[in-house]
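All of the numbers you see were taken from the coordinates with simple rules; none came from a lab. Predicted model only: the values in this text are computed from it and were never measured. Every residue, glycine among them, receives a Cβ derived from its backbone with ideal geometry; neighbour counts consider all protein chains shown.
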Amino acid sequence: MARKLLLEHINVPGINTFDVYRSKGGYAAVEKALKTLTPEEIVEEVKKSGLRGRGGAGFPTGMKWSFLAKPEGVSRYLVCNGDESEPGTFKDRFLMTHIPHLLIEGMIVSSFALGANTSYIYLRGEMMPQIRILEKAIAEAKAKGFLGKNILGTGYDLELYVQPGGGAYICGEETALLESLEGKRGNPRIKPPFPAIAGLYGCPTVVNNVESIAAVVPIINDGGEEYAKIGIGRSTGTKLISAGGNLKRPGVYEIELGLSAEEFVYGDDYCRGIANGKRLKAVVAGGSSVPILPANLFLKTVNNEARLMSYESLSDGGFVSGTMLGSGGFIAYDEDQCIVRNTWNFSRFYHHESCGQCSPCREGTGWMEKVLHRLEYGHGKLSDIDLLVDVSKKIEGNTICPLGDAAAWPVASAIRHFRDEFEWHVTNAHEATTRNYGIANYADPLNAVVA
Amino acid sequence: MLSVQDTNTPVTFSPELKAKFADVVSRYPAGKQKSALLPILHLVQAEYGWVSAPAMDSVAEYLSIQSIEVYEVASFYTMYFLKPQGKYMLEVCRTGPCEIVGATPIMEHIEKTLGVKEGDVTADGLFSWRGVECLAACGYGPVLQIGPEYTFYENLTTDSVDKLIGDLKAKANN
């Protein structure tokens, strides 16, 4: 079995309570960090670990921490990003539901490392049950002296609060999240200045994903070098992958980075293949924003090498034949799924979630949704396909935040890899409203099957 | 919980609700009480079932901010209801991963069973439903949530939806 650093004790009854969590070695990282390490040493361990942001961008966490400005007499903040709204991603919800103290422990260590005395965990508003779970865990930790004034007699003070959002995908973008936490609309800010210089209330701020903060706990317990030994190349450590779609066993899996993609989909320890005896048609490997890949390109690179679940291997081939690890929101599509319908569904999502600040995204996402809708419902023209590519190119790179890119990539990649399915929706418009295209030649050659 | 509120009458919050507001405000530095806006709007909605303009005006007064600062936030975020809803608002995830495991048939079934269109309220005032975007429960789809507790109902089938609606009706009539 692969090593588990975050979910090792997930099946222990009562692990969501302080006492059981503590009996399994919980809060040892807080004791070690606050009593034996300096903040600089903690940052150094995180740098050595090679931990990369688990929210999707994959930026090295230690480096992000080292950018934090430390002007005299100015408060610094750590804000945990639990907005988790990327379609396909549900790993943070799982972690917070079942082992909330791991996040609290990570928040204490990380806040100490960054010199923050007030920290916030921002959760999407729909996660009210998780907010209640975390608030209970915080109260327990506080009662045991791990939060509040003079933690463990070290003189370090920390208050930790949970903040609900209001239901907006855009608040997963860190500057939009900060705006939301300040009680405003979630409009992303123009960078620079980056949050490390001017973040929450204009103060230096670090925003980290839930899983990144949780990973700090094993890094401090075992040391950054030990953590870096797990994984492959610059993809160190373990990663939570939330797998959904047409799988036999969907769910949240902690994998060692570098696991083969084939093993993840078909292995007994993981998803166990495609449900209902069907075949894999396509995969979205890291949340709805990353390029969709046909089964053959997901399992093997164009150089015929086995694809691995790592930052580098999944992006092998760039966007021409690769994708991204992203947030670990894994979606599998079986042979009966319609790529045009799925692309329309995603574009509706991005249109709905665009904050409206930048015209290319506000207008472009709506155009893409409309054009894809008419293709799906049999009113499309062949020229619509290139029109979609054109619109997606005009959004990409032309917006303040990456939502524009996130909206453009799924459309561009679906057309890149599944163009004949789009064309079939135009040339066989009536048939396309009565059945799906089937697996065709995307996995291996097979005549179109009836849905 | 009041389901309908006279929108012309100013809203006065109960001392219990105001105590909850004060607890939220205490989480932020002095002068940054506007940060409490989203949590307070959730509290208001849990109390009244929706957020009316007079309620928003009272929130603005409580936080010493302009009414427009409350309106723009309440209208930006999808969780706040700007008109009365049924006592139980069934919010069904309609995004990609839920869609490919059958979100659309679930919504069609709910529409047929309740006999109201998306966003409308049943005659008895008990139910509304709508499709919402990804709820971060993609491995357990199709999924729906019901506020203000935001309880999740996962791996939905038409049978489990029928049972849920039946249970909620029984609960409301007791």
Quiz item: Projected onto the charge dipole of the range A:339-434 (+1 at Lys/Arg Cβ, -1 at Asp/Glu Cβ, origin at the Cα centre), which of A:Ile339, A:Phe349, A:Thr399 gives the Cα projection farthest towards the positive end?
Solution: A:Thr399
Self-check item: Folded to 0 to 90 degrees: helix B:103-114 orientation relative to chain B principal axis, Cα
Solution: 80 degrees
Quiz item: How many nm separate the modelled label positions at B:Glu108 and A:Thr97, each set 7 Å beyond the Cα in the direction of the Cβ?
Solution: 2.8 nm
Quiz prompt | Residue of B:Ala53, B:Ala137, B:Ala30 that the Gaussian network model of chain B assigns the largest fluctuation, springs spanning Cα pairs under 10 Å | solution = B:Ala30
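Taking a ≥ b ≥ c as the square roots of the eigenvalues of the Cα gyration tensor of the range A:278-339, is the shape rounded (a/c under 1.5), prolate (a/b larger than b/c) or oblate?
Taking the square roots of the gyration eigenvalues as a ≥ b ≥ c, the range A:278-339 is oblate.
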Self-check item: At most 16 other Cβ within 10 Å, DSSP loop - GluC sites (Glu not before Pro), the range B:26-124
Solution: B:Glu118
Quiz item: How much net charge surrounds B:Glu72 when only the other residues with a Cβ under 14 Å from the Cβ of B:Glu72 are counted, with Lys and Arg +1 and Asp and Glu -1?
Solution: -1
Practice problem: Would you please give the FRET efficiency between A:Phe59 and A:Phe319, computed as 1/(1 + (r/R0)^6) with r the Cβ-Cβ distance and R0 = 22 Å, to the nearest 0.05? | Solution: 0.70
Quiz prompt | Folded to 0 to 90 degrees: helix B:53-63 orientation relative to chain B principal axis, Cα | solution = 50 degrees
Quiz prompt | Helix A:339-353 vs. chain A, principal-axis angle (Cα, 0 to 90°, nearest 10) | solution = 50 degrees
Practice problem: Return the whole-Å distance between the Cα centroid of the range A:82-134 and the Cα centroid of the range A:210-257. | Solution: 16 Å
Practice problem: Report the dimensions of the protein assembly as shown along its three principal axes from the alpha-carbon atoms, largest first, rounded to Å. | Solution: 71, 64, 46
Quiz item: What whole number of Å gives the distance from the Cα centroid of the range B:112-174 to the Cα centroid of the range A:329-366?
Solution: 24 Å
Practice problem: Mind listing the lone cysteines of chain B, meaning no other Cys beta-carbon sits under 4.7 Å from theirs? | Solution: B:Cys134, B:Cys138
Quiz item: Working out 0.36 nm times the residue gap between A:Lys32 and A:Glu262, then minus their Cα-Cα distance, what length gain in nm do you get to one decimal?
Solution: 78.9 nm
Exercise. Take the Cβ-Cβ distance between A:Asp269 and A:Thr154 as r, set R0 to 56 Å, and report the resulting FRET efficiency rounded to the nearest 0.05.
Key: 0.85
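Within 10 Å of each residue's Cβ, count the other Cβ atoms and sort A:Thr365, A:Thr323 from fewest upward. Could the numbers behind the result be given before it?
Working: A:Thr365 28, A:Thr323 24.
Exposure proxy ranking, most exposed first: A:Thr323, A:Thr365.
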Exercise. Set the Förster distance to 60 Å, then compute FRET efficiency between B:Ala170 and A:Ser359 from the Cβ-Cβ distance, nearest 0.05.
Key: 0.75
Quiz item: When Lys and Arg each count +1 and Asp and Glu each count -1, what net charge do the other residues less than 11 Å away from B:Gly86, Cβ to Cβ, add up to?
Solution: 0
Quiz prompt | Projected label distance in nm at A:Glu182 and A:Ala143, using a 7 Å step from Cα toward the beta-carbon | solution = 3.7 nm
Exercise. May I ask which of A:Lys248/B:Lys169; A:Lys248/A:Lys393; A:Lys91/A:Lys229; A:Lys64/B:Lys20 have a Cα-Cα span longer than 26 Å here?
Key: A:Lys248/B:Lys169; A:Lys248/A:Lys393; A:Lys64/B:Lys20
Quiz item: Roughly how many Å is it from the Cα centre of the range A:142-190 to that of the range A:6-28, as a whole number?
Solution: 24 Å
Quiz item: So, in nm, how far is label A:Asn296 from label A:Lys370 when the simple model puts each one 7 Å beyond its Cα toward the Cβ?
Solution: 3.7 nm
